[in-house]
Amino acid sequence: MSDKHFYYLTIELRNEFDNPNNPYNKPEIWIKAISVLNTAITDIGHPLKIDFSPQLNTLIGGRGSGKSSILRFIRGVFNRTEDLQELSEILLDHNDFYKRESGRPKKGVLTESSVIEIEFVRNEVLHKVIASNIYNSAQQEIKIEKLNDTSGYWEDVTDEGYIDFFEFEHYSQKQIYEIAQEPNALRERIDKAIDGIAKIKGERELIRNMFLEKSTAVRTADQLLSGKGKIETRIKDLDTSIKKLELSGIADLLKAKEKFTNEEEKINQFKSEIEERENSLNTLANGIVIPDIDFSSFDAGHQTILQPFSKAVVDSFALMKAELNKLKDAATKIKTDFESSVNTSQWKTDYDKNVSEFNGKKQELELEGIDAINHFEKLNQEKSELEKELEVINAKASIREADKKERERLQKEYLNVSKSITAKRREFVKNILTGDKVKVNINPFRNQTDFEVRLRRILQRENSAFQSDIDALTTLCFKGNVEEKIKDVREVFLRIRKGEDVSSVVTGHFVNLVSELNDAQIDEIELLLPEDEIEIQYKPTSGSVFKSLSTASAGQKTTAILTFILSYGELPLILDQPEDDLDNRLVYELIVDRLKQAKEYRQLIVVTHNANVPVNGDAEYIVSMDTDSKTLKVLHSGTVEQVAIKKEICDVLEGGEQAFEMRSKLYKQM
């Protein structure tokens, strides 16, 4: 078989995707179809149904035929507008389209009965995402179903966040133009495509939090340490005063007095025990007497018989009372004898001597203005408390040194992890654009816009205030190696906090602003590090050198960004008229080739006015919208080999006949 016949066969097999001999592999995720029912721009009661190939699909038709509306419906159902947040005009345009029809002039294309159904294949499982009761992208009822291959029935999917698994990328010509003006907008998209970078970013955020924690710990320790010298001086003063009192003799007398006081308390407790027993005997004696029985109601004969018995009992208890009174008197004597013995003992003599000497010394010191007892006790108590506080401070000082070293280590580690992210980005862009006319440079920490945004966020001045100061700090940071110069920026803030003169760098108003920052904000300044700059360069001709995209024409800028977007990724890619700023040569030489490479591993859905995209891009499926219809309608669908499709391409697309001539030349060369 000749190469030419093999090529034709490949084209034919490719367009029959379910054929087991198809030369391409199915992507893991792709959009299979969209159905739009009951909108202001479709026939009521009859859904508009469009199928898609897993590879390159092109939507063609005259201007006003509604090609871009199909893509807007897809964006609206999935509410994928986060990439438009910085593009207010494009976001407003989307919001005015994907909402219920209202207002004058009327905006919105949806009705209360609108239903949009999108079939999505994910990991070879067919799903349906159905939007109904739609007010706008953020306010609609979403139902997800998946087809059970075994039973053949659709099953509801209720897992939270399941819709987020249906990922795709969507770019309009306006978005590509805006990215061309600010290539740094590609950074998040680049990061999303790099395996493992999300984990590294998570590690960097953890390091950041640990740094802030250590900063707080060091400040807390510093506050304690700031009072250490004062505490040490006070302890010395207290020690001097205590020693003076001890030398006066009052301390020994006070200690002896405290000893005698404790002993006296024990003796008095013992006396109280004796008194308790004495009182118990007295209470028992008074309570032991028992009254006789009242025999007034008894018969005289019975009274005569019983009364002697009861009287004997009463008399016995009376004798007991007499004995108890004797015991009580004995207890009283015991107490008296004990008190007398104690009062005449050597202990009492020594006790009285201590009291006399102590009172004499106390009066002597009071004449010097010192309240001996209270002063001595207070001094000792204060000294004890301060010594405990000093122990805590010394322990904190040791920990503080460890925390300070760890804080410095974390700051270096934060920088190193940021540099590893830069290295990942550089490696990624190096591998995807080898030998191209477009080159992407990752310049470490050189994004000046990001620097200003981050700095203003920390200062809580996210407007245009202090612009001259911000500009001065930006110049200071980016005039040289940012990794080193950022230290000079941090030093300006630290010098302001110390009250040093920085008038050669910033104004007095800015100094006042920084002086009011809290410690947490200063910590953020110490970690301040601009993002990498994404610089895109291009070659105007094959023989020229690479030039910055900032000097390129609108078409060259669009070509460069579009080339980069098509260079990597596996998610479905939706492009809305990406070639608007390009001439046929650029489309044919650069974009078509990229489309043919990209469709081997991802689905592409492209709205286009340029015939080179479907013809020389070898589109697997072409949908031609009806330009003459008042509502959205498909005029033809199929492949470029079909006569009706070929005629439509030549009639409504730019460079149709020329595109087929190029294709014919390619076939003849094979």
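Scanning the stretch 287-303 for residues that are open to solvent by 90 Å² or more (accessible area, probe 1.4 Å) and touching a residue at least 12 places away in the same chain (Cβ under 8 Å) yields 291, 293. Among the numbered conditions (1) outside any helix (DSSP H, G or I); (2) closer than 23 Å to residue 556 by Cβ; (3) hydrophobic (A, V, I, L, M, F, W, C); (4) at pLDDT below 90, the only one that residue 613 does not meet is (1).
Condition test on residue 80, is it closer than 20 Å to residue 143 by Cβ, open to solvent by 10 Å² or more (accessible area, probe 1.4 Å), in a loop (DSSP other than H, G, I, E, B) and in contact with a Phe, Trp or Tyr (Cβ under 8 Å, 6 or more places away or on another chain)? Reasoning before the result, please.
Numbers: closer than 20 Å to residue 143 by Cβ: yes; open to solvent by 10 Å² or more (accessible area, probe 1.4 Å): yes; in a loop (DSSP other than H, G, I, E, B): yes; in contact with a Phe, Trp or Tyr (Cβ under 8 Å, 6 or more places away or on another chain): yes.
Here the answer is yes, as residue 80 does meet what is asked.
Taking the criterion of being touching a residue at least 12 places away in the same chain (Cβ under 8 Å) and not acidic (Asp, Glu), the residues of the stretch 147-157 that qualify are 147, 154, 157.
Here's the yes/no breakdown for (1) outside any helix (DSSP H, G or I); (2) over 18 Å from residue 530 (Cα atoms); (3) out of contact with any helix residue (DSSP H, G or I) (no Cβ under 9 Å at 6 or more places or on another chain):
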site: 456; (1), (2), (3): no, no, no
site: 462; (1), (2), (3): yes, no, no
site: 476; (1), (2), (3): no, no, no
site: 502; (1), (2), (3): yes, yes, no
site: 506; (1), (2), (3): yes, yes, no
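Every condition in (1) in a loop (DSSP other than H, G, I, E, B); (2) free of Cβ contacts under 8 Å to residues at least 12 places away in the same chain; (3) open to solvent by less than 70 Å² (accessible area, probe 1.4 Å) is met by residue 46 except one, and the failing one is (3).
Yes/no per residue for (1) free of Cβ contacts under 8 Å to residues at least 24 places away in the same chain; (2) surrounded by fewer than 20 Cβ atoms within 10 Å (Cβ to Cβ); (3) among the β-branched types (Val, Ile, Thr); (4) touching a Leu at 6+ places or on another chain (Cβ under 9 Å):
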position: 438; (1), (2), (3), (4): no, no, yes, yes
position: 441; (1), (2), (3), (4): no, yes, no, no
position: 448; (1), (2), (3), (4): no, yes, no, no
position: 455; (1), (2), (3), (4): no, no, no, yes
position: 463; (1), (2), (3), (4): yes, yes, no, no
position: 468; (1), (2), (3), (4): no, yes, no, no
position: 479; (1), (2), (3), (4): yes, yes, no, no
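Within the stretch 536-568, the residues that satisfy the criterion of being within 17 Å of residue 443 (Cα to Cα) and open to solvent by 50 Å² or more (accessible area, probe 1.4 Å) are 546, 547, 550.
Considering the stretch 636-670, and only residues there that are basic (Lys, Arg) and open to solvent by 80 Å² or more (accessible area, probe 1.4 Å), the residue that is modelled with the lowest pLDDT turns out to be 668. Candidates 185, 217, 198: the one that is aliphatic (A, V, I, L, M) and open to solvent by less than 40 Å² (accessible area, probe 1.4 Å) is 217.
Residues checked against (1) open to solvent by 60 Å² or more (accessible area, probe 1.4 Å); (2) in a strand (DSSP E or B); (3) in contact with a His (Cβ under 9 Å, 6 or more places away or on another chain):
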{"residue": "69", "(1), (2), (3)": "no, no, no"}
{"residue": "89", "(1), (2), (3)": "yes, no, no"}
{"residue": "93", "(1), (2), (3)": "yes, no, no"}
{"residue": "105", "(1), (2), (3)": "yes, no, no"}
{"residue": "114", "(1), (2), (3)": "no, yes, no"}
{"residue": "118", "(1), (2), (3)": "no, yes, yes"}
{"residue": "121", "(1), (2), (3)": "no, yes, yes"}
{"residue": "129", "(1), (2), (3)": "no, yes, no"}
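From the list 144, 163, 176, the lone residue that is in contact (Cβ under 8 Å) with a residue 12 or more places away in the chain, under 30 Å from residue 446 (Cβ atoms) and open to solvent by less than 80 Å² (accessible area, probe 1.4 Å) is 176. Among the residues of the stretch 186-197, not a single one is touching a strand residue (DSSP E or B) at 6+ places or on another chain (Cβ under 9 Å) and under 22 Å from residue 115 (Cα atoms). Checked against (1) surrounded by fewer than 17 Cβ atoms within 10 Å (Cβ to Cβ); (2) more than 30 Å from residue 90 (Cβ to Cβ); (3) hydrophobic (A, V, I, L, M, F, W, C), residue 281 meets all criteria but (1).
The values are calculated or read from the model by the stated rules, or taken from the named source; none is laboratory data. Everything numeric here is computed off the predicted structure, so don't read it as measured data. As a convention, Cβ positions derive from the backbone with ideal geometry for all residues, glycine included, and neighbour counts pool all protein chains shown. Quick note on the areas: whole protein, heavy atoms, side chains included, nothing else; ligands and nucleic acids left out. Shrake-Rupley method; radii C 1.70, N 1.55, O 1.52, S 1.80 Å.
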